[in-house]
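Everything below concerns the one structure shown next.
The values are calculated or read from the model by the stated rules, or taken from the named source; none is laboratory data. Just so it is clear, the structure is predicted and the values come from calculations on it, not from any experiment. When we count neighbours, we look across all protein chains shown, and the Cβ atoms used for this are built from the backbone with ideal geometry, even at glycine.
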Amino acid sequence: MSSAVVNTADAAGVPLMLTELRLPTMKRLWADLAEQSNREGWPAERFLGVLLGHEMAERETRRLARARADSQLPPGKSLAQFDFSAVATISKAHVIALAEADGWLVQGQNLLAFGPPGVGKTHLLAGIGHALIDRGHKVLFMRTSELVQRLQAARRDLRLPAELAKLDRFDLLILDDLSYARRDQAETSVLFELIAERYERKSIAITANAPFSAWDEVFPDKAMTVAAVDRLVHHATILEMNVDSYRRRAALPARRQRSETKTKTQ
């Protein structure tokens, strides 16, 4: 039997084996790479290394895509797109360190961003979240009011511990717009239970328009407010973003242009 016949027979079983081993990238590329390897005289080590390298790269791409989809992070909100010059109270180097030196996340520390609407709080924390996903961490982004409703429904169905356990698989929870969660809209004691459950174990990041002094409007009573704030700030980085609204400043040139156009046409 010729070597060509043997090689053909051997090759016929490769796709099936790669399917069984769940190696779709190698299954797609192996034949072309084998042909190139035979033509150029690659050592076996190089052929195998190139093939495995492609599989690992595409596996990582798929992992990142799944993690980003699971995170519910708003797309297009990266740190590269954040205008640090518009928020003089924030150090770009500090934010980059939070995104790259993730020891705070491993230690279960928190991140709190305060400021009026439109200054970029959501964008900033979402950008950090995207960067942490790139580093292999699991992140979940939710409106605080939506999360409260989800937890309250779980409590009514007697499955709150199971729901908290689901959230526990995320290294970072980003709760957007905490100030809009109101005790008259939902039973926000479940939010305190989440904060207490993650305390010193898993990180929470929060955006809020209102200072701590106004959080009595969020939690059912003052004692719970104090306890929630105490747990959040005990190990926390606080980002003060009390500057003029970015959205308002961005709208001013457009308004001015419309006004000038209107004046000219009159």
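Among the helices (runs of 4 or more DSSP H) confined to the range 10-84, the ones with at least 2 residues that are at pLDDT 90 or above and either touching a strand residue (DSSP E or B) at 6+ places or on another chain (Cβ under 6 Å) or of a type in the set (Asp, Glu) (or both) are located at 24-40, 44-71.
Residue pairs whose Cβ atoms lie under 6 Å apart, sitting 6 or more positions apart in sequence or on different chains, and linking a residue in the range 72-99 that is assigned by TED's automatic domain parsing to the domain that holds Gly118 to a partner that is of a type in the set (D, E, K, R), are Phe84/Lys92; Thr89/Glu240.
Mind listing whichever residues of the range 168-194 are crowded, with 22+ Cβ neighbours inside 10 Å and under 13 Å from Phe219 (Cα atoms)? Let's see the steps before the verdict.
Let us first name the residues in the range 168-194 that are crowded, with 22+ Cβ neighbours inside 10 Å, namely 172-176, 178, 181, 188, 191, 194.
Across the range 168-194, the qualifying residues are Leu178, Ala181, Thr188, Leu191, Leu194.
Matching residues to (1) more than 25 Å from Ala65 (Cβ to Cβ); (2) at pLDDT 95 or above; (3) of a type in the set (D, E, K, R); (4) touching a Phe, Trp or Tyr at 6+ places or on another chain (Cβ under 6 Å):
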residue	(1), (2), (3), (4)
Val95	no, yes, no, no
Glu100	no, no, yes, no
Gly103	yes, no, no, no
Asn110	yes, yes, no, no
Ala113	yes, yes, no, no
Gly118	yes, no, no, yes
Lys121	yes, yes, yes, no
Leu125	no, yes, no, no
His130	no, yes, no, no
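This table checks each residue for (1) of a type in the set (S, T, N, Q); (2) under 26 Å from Trp215 (Cβ atoms); (3) at pLDDT below 95.
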| site | (1), (2), (3) |
| --- | --- |
| Leu140 | no, yes, no |
| Thr144 | yes, yes, yes |
| Gln149 | yes, yes, yes |
| Gln152 | yes, yes, yes |
| Arg155 | no, yes, yes |
| Leu173 | no, yes, no |
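When the range 18-45 is filtered for residues that are within 23 Å of Arg63 (Cβ to Cβ) and not polar (S, T, N, Q), the ones remaining, listed by number, are Leu18, Glu20, Leu21, Arg22, Leu23, Pro24, Met26, Lys27, Arg28, Leu29, Trp30, Leu33.
Number of residues in the range 26-45 that are aromatic (Phe, Trp, Tyr) and over 37 Å from the mean Cα position of the chain (by Cα) equals 1. Examine the range 136-150 for a residue that is in a helix (DSSP H, G or I), surrounded by 15 or more Cβ atoms within 10 Å (Cβ to Cβ), touching a strand residue (DSSP E or B) at 6+ places or on another chain (Cβ under 6 Å) and β-branched (Val, Ile, Thr), and state whether such a residue exists. The answer is yes, given that some residue of the range 136-150 is in a helix (DSSP H, G or I), surrounded by 15 or more Cβ atoms within 10 Å (Cβ to Cβ), touching a strand residue (DSSP E or B) at 6+ places or on another chain (Cβ under 6 Å) and β-branched (Val, Ile, Thr).
When you scan the range 94-126, how many residues do you find that are assigned to a helix (DSSP H, G or I), of a type in the set (Gly, Ala, Ser) and surrounded by fewer than 23 Cβ atoms within 10 Å (Cβ to Cβ)? Adding up the residues that qualify gives 3. Among residues belonging to the range 200-218 that are of a type outside the set (A, V, I, L, M), in contact (Cβ under 8 Å) with a residue 60 or more places away in the chain and surrounded by 17 or more Cβ atoms within 10 Å (Cβ to Cβ), point out the one that is farthest from Gly120 (Cα to Cα). Ranking the qualifying residues of the range 200-218, first place goes to Lys202.
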